[in-house]
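Visitor: Have a look at this one.
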There are 4 protein chains.
Amino acid sequence: MARTVTGGGESGTAAVPERLLAEATRLFAERGYDRTSVQEIVEAAGVTKGALYHYFGSKDDLLHEIYGRVLRLQTERLDAIAARDTPVPERLAEAASDVVVTSIQNLDDTKIFFRSIHQLSPEKQKAVRAERRRYHEKFRSLIEEGQAAGHFRADLRPDLVVDFFFGSVHHLGTWYHADGPLSAHEVAGEFSDLLLHSVRRP
Amino acid sequence: MARTVTGGGESGTAAVPERLLAEATRLFAERGYDRTSVQEIVEAAGVTKGALYHYFGSKDDLLHEIYGRVLRLQTERLDAIAARDTPVPERLAEAASDVVVTSIQNLDDTKIFFRSIHQLSPEKQKAVRAERRRYHEKFRSLIEEGQAAGHFRADLRPDLVVDFFFGSVHHLGTWYHADGPLSAHEVAGEFSDLLLHSVRRP
Amino acid sequence: MARTVTGGGESGTAAVPERLLAEATRLFAERGYDRTSVQEIVEAAGVTKGALYHYFGSKDDLLHEIYGRVLRLQTERLDAIAARDTPVPERLAEAASDVVVTSIQNLDDTKIFFRSIHQLSPEKQKAVRAERRRYHEKFRSLIEEGQAAGHFRADLRPDLVVDFFFGSVHHLGTWYHADGPLSAHEVAGEFSDLLLHSVRRP
Amino acid sequence: MARTVTGGGESGTAAVPERLLAEATRLFAERGYDRTSVQEIVEAAGVTKGALYHYFGSKDDLLHEIYGRVLRLQTERLDAIAARDTPVPERLAEAASDVVVTSIQNLDDTKIFFRSIHQLSPEKQKAVRAERRRYHEKFRSLIEEGQAAGHFRADLRPDLVVDFFFGSVHHLGTWYHADGPLSAHEVAGEFSDLLLHSVRRP
DNA sequence: AATGAATGAGAGTTCATTCAT
DNA sequence: TATGAATGAACTCTCATTCAT
């Protein structure tokens, strides 16, 4: 969709659309979608408004692209983990751990995701929610599989468990700091552990 | 429910500031703080802008008032529960259940809280975060008490557990619907159960 | 027009209209008529808006009152000086000196006078300008008298001399400070001296 | 007179920023800075608000630009006159005469200068006052030079003389009318003559 | 004599977007 | 591929004034 470099690969001069997306991500996470002006984005990216509107149809489109990127990434990873040939509890633990790690590694996207979705146009919101639902359904089916196999408590509502866990994941952006005492993997380990303990048969 | 300051008195003619707060809450939850104009709020409340600015210093002040209300309510309830004379696991379960129920009963406030805090002025944001922190600390001390008493797993980081659980609570606004299949108490029961299972000694 | 004290003469409690005029004068001089709100005036005077509108028909009226006060004062003093039985050059010198002294003693009024006259309603502006013109004419007639008597240069246009001199007087408010190196009388002496030298026959 | 930035070129289609400055000058002089709305300015210039804010950061900026223009003009002219190789009294007379002529030729700027400086933001006010002070100092040094050379009375305070004279100059805007009986040069001649007589050794 | 809630009009400013070049 | 001038609508907030009490 957008070329990788301009000119011929000079260091530090990523292609214009990439630079725009990167700066938009940073600014949206920092001060919110509505509080970030198109002017600020283009200034940060070192181009003019015309350039932005050459590559993106609207400010809204930028946000949609950011969503697309993170959703694609997480869906791919979940698919890979779910398809493994290991016991369900292990796959659930890995899936949980993995989504925490990638959420932290892309903390700006995580922040934007759950703060700004309402600022997308209705149609785009619908598309994003549908993709998100598919992701949740894949995660939920791991829980259902574990219940069917007798690993997890049968009295739990799998959809509620998913909402419970992803609430925690989405919330990461509001408290996690890269320079805090915890590494991404430490948080991931503990969150995964809490989830497994909460669903496992005693 | 709302004090009648001027004339009136019949239901439906609540005092102007109360009406403004109620409509602002509804609109902020519905379309977000930045997407709600002062004009829309005063129209919904049936007054003019001048009236709003007679009672509130700024749009920002309205949001702050809304936060204050819900924080006061939840803090009071948590204090009451924590002070009970029952075993810690029971108190934690009740605190967890209660915060879910009141979050659902005030779902508009919950939605606003989670989404709009970044749109407060820096000073007000600081004040709100400080109050929120005190609330979390009180909740955390229940977990610490349970660990000390040998009820809960000692290897857990209490602060991480709090962030884990309140992520789930704050997230309620993004998926819960009053006309869905689950009552507030059903969700509360399951969330509380998940939390307790995740922290209890096996 | 307005009583002098309320209650019975307690110190520091001047009557409401006087207090309003005094605070309005101070504020208009400090930040200009348009930049001073009625709210600020009533707060400074320790009353409410209703009280102000009880005594004055409009914000405009306050300004008109302030003008009236200073015009009356200066007209009275000029009349007294002009009527004296001394040689014209002496009377002109005293009139010039006196208007400088009273302008400095009422520096707030002086500042307001030449900055805010355009903010009066057209009718009030007309009235004030007419009074001011009468004052200038009286001053001018001193110069004409001096020319007729052979004291002053006959080739000067008396009206231009008046505008020349009163420009200097009106300008006092922009540079004179009570805590500066010059007393009101020192400035008055020098201004008067400059005027007399500029008109006298060599 | 005004550079044509976009298209156009024919007289009457001056560039947008020039047109905005011209109309703003006219309107500020006519009804004062605070009483002139941005809406009125853009309507007079035949553009929209967006265009104004494309070129000027604020209404305040417009005023600052107007000040800058007139200060630059007068400073240049005074520098040229002061640098001449003629006797000091002649140079002072010419400087005085020149500032009167240019003040009358730019009477709108003169009116604005005198009345609206207090409505500039504090920082801009400081900048303008500093420039004005440099101008006054240059003028004052002419007087000091004349005193040192024995042309002017030694007992006069040069700074007071400057304030005396520039009061008269700034005041021109309040009484001079182009369609009145006096030409700019007639006024300039008389003002200059009055100044010289007031300072010269008898 | 005085209150203060409420009005309604208008203020300056911001902003996403368009389009001729 | 990219510019940047210009639009037009909407924004938050301020204010002098009124009026029932």
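The numbers here are math on the coordinates, done by the rules we state, and not lab data. Source: prediction; values computed, not measured. Methodologically, a virtual Cβ is constructed for each residue, glycine included, from the backbone with ideal geometry; neighbour enumeration extends over all protein chains shown.
Visitor: To the nearest Å, what is the center-to-center distance of the stretch B:48-125 and the stretch C:124-141, using C-alpha atoms only?
Guide: That distance is 66 Å.
Visitor: Mind putting a number on the dipole of chain A about its Cα centre? Charges go on the C-beta only, +1 for Lys and Arg and -1 for Asp and Glu, and I need it in Debye to the nearest 20.
Guide: Here the size comes out at about 480 debye.
Visitor: A:Arg129 label points, 7 Å along Cα→Cβ, one per copy: pairwise distances from this copy to the rest in nm, shortest first?
Guide: Shortest to longest, the spacings are 3.1, 5.9, 6.6 nm.
Visitor: Going out from 0 in 10 Å bins, what whole percent of all Cα-Cα distances in the protein assembly as shown drops into each bin?
Guide: In whole percents, the pair-distance histogram is 2, 10, 15, 16, 13, 11, 11, 10, 7, 4, 1, 0, 0.
Visitor: Report, to the nearest 10°, how far helix C:88-105 tilts away from the longest principal axis of the Cα atoms in chain C, using its own Cα long axis and a range of 0 to 90°.
Guide: That works out to roughly 20 degrees.
Visitor: For C:Glu40, which inter-copy label distances result when the label point lies 7 Å beyond Cα on the Cα-to-Cβ vector, reported in nm to one decimal and in ascending order?
Guide: Nearest to farthest, the other copies are at 2.0, 3.1, 3.4 nm.
Visitor: Suppose we keep just the alpha-carbon trace of chain D; what are its Rg and Dmax in angstrom?
Guide: 19.0, 62
Visitor: Taking all pairs of distinct Cα atoms, average 1/r, flip it, and tell me the Kirkwood hydrodynamic radius of the stretch D:149-202 in Å to one decimal place. Numbers along the way, then the final one.
Guide: Working: mean 1/r = 0.0798 Å⁻¹.
For the stretch D:149-202, inverting the mean 1/r across all distinct Cα pairs yields 12.5 Å.
Visitor: Then there's this: Quick check on the protein assembly as shown: helices-only [θ] at 222 nm, where DSSP H runs of length 4 and up contribute -39,500 (n - 2.57) each and the sum goes over total residues. Nearest 500, please.
Guide: About -23500 deg cm²/dmol.
Visitor: Within 10 Å of each Cβ of C:110-119, how many other protein chain Cβ atoms are there on average? Please report the intermediate quantities before stating the final value.
Guide: Working: counts 0, 1, 0, 0, 6, 7, 2, 2, 8, 4.
Mean partner shielding for this stretch: 3.
Visitor: Can you pull the mean other chain C-beta count within 10 Å for peptide D:167-177?
Guide: Mean number of neighbouring Cβ atoms from other chains: 6.
Visitor: Could you state the angle between the C-alpha long axis of helix B:158-175 and the longest principal axis of the C-alpha atoms of chain B, as a value from 0 to 90 degrees rounded to the nearest 10?
Guide: Approximately 40 degrees, to the nearest ten.
Visitor: Could you check which residue among B:Gly167, B:Gly57, B:Gly32 shows the biggest mean-square fluctuation in a GNM of chain B with a 10 Å Cα cutoff?
Guide: B:Gly57
Visitor: Roughly how big is the stretch A:60-158's charge dipole about its Cα centre, with Cβ charges of +1 (Lys, Arg) and -1 (Asp, Glu), in debye to the nearest 20?
Guide: 300
Visitor: I need to check one value: relative contact order of the stretch B:59-202, counting alpha carbon pairs closer than 8 Å and at least 6 residues apart, in percent.
Guide: So the answer I get is 38 percent.
Visitor: Closest to the D-onto-B rotation axis, which residue of chain D has its Cβ, and how many Å off the axis is it?
Guide: Chain D residue with minimal Cβ-axis distance: D:Gln39, 9.
Visitor: Starting from 0.36 nm per residue, how many nanometres of slack lie between A:His177 and A:Asp155 once their C-alpha separation is accounted for?
Guide: Length gained between A:His177 and A:Asp155: 4.3 nm.
Visitor: Now a separate question. Working from the pairwise distances between different alpha carbons, so that the mean of 1/r is found and then inverted, what is the stretch A:41-137's Kirkwood radius in Å?
Guide: 15.1
Visitor: Would you mind giving the mean number of other chain beta-carbons within 10 Å of the Cβ of each residue in A:155-166, as a whole number? Present the calculation step by step, with values, prior to reporting the outcome.
Guide: Numbers: counts 2, 4, 5, 0, 3, 8, 4, 1, 9, 13, 5, 5.
Counting Cβ atoms of other protein chains within 10 Å of each residue's Cβ and averaging gives 5.
Visitor: In degrees, nearest 10, range 0 to 90: what is the angle between the Cα axis of helix A:122-148 and the longest Cα principal axis of chain A?
Guide: Taking Cα atoms only, the helix is inclined about 20 degrees.
Visitor: Now for a different question. Among A:Lys126/D:Lys49; C:Lys49/C:Lys111; A:Lys126/B:Lys126; A:Lys138/B:Lys124, which pairs are too far apart, with a Cα-Cα distance over 32 Å?
Guide: A:Lys126/D:Lys49; A:Lys126/B:Lys126; A:Lys138/B:Lys124
Visitor: Hey, got the dipole for the stretch A:16-55? About the Cα centre, +1 on K and R Cβ, -1 on D and E Cβ, debye to the nearest 20?
Guide: Working: 5 positive and 6 negative charges, 6 e Å.
Using Cβ point charges on Lys, Arg, Asp and Glu, the stretch A:16-55 gives about 20 debye.
Visitor: At q = 0.20 Å⁻¹, what is the log10 ratio I(q)/I(0) for the stretch A:16-55, with the Debye formula run over Cα points and no solvent?
Guide: The computed values of log10 I(q)/I(0) come out as -0.48.
Visitor: For label points placed 7 Å from Cα toward Cβ, what is the shortest-first list of nm distances from B:Glu76 to its copies?
Guide: Nearest first, the other copies' label points are 5.3, 6.4, 7.2 nm away.
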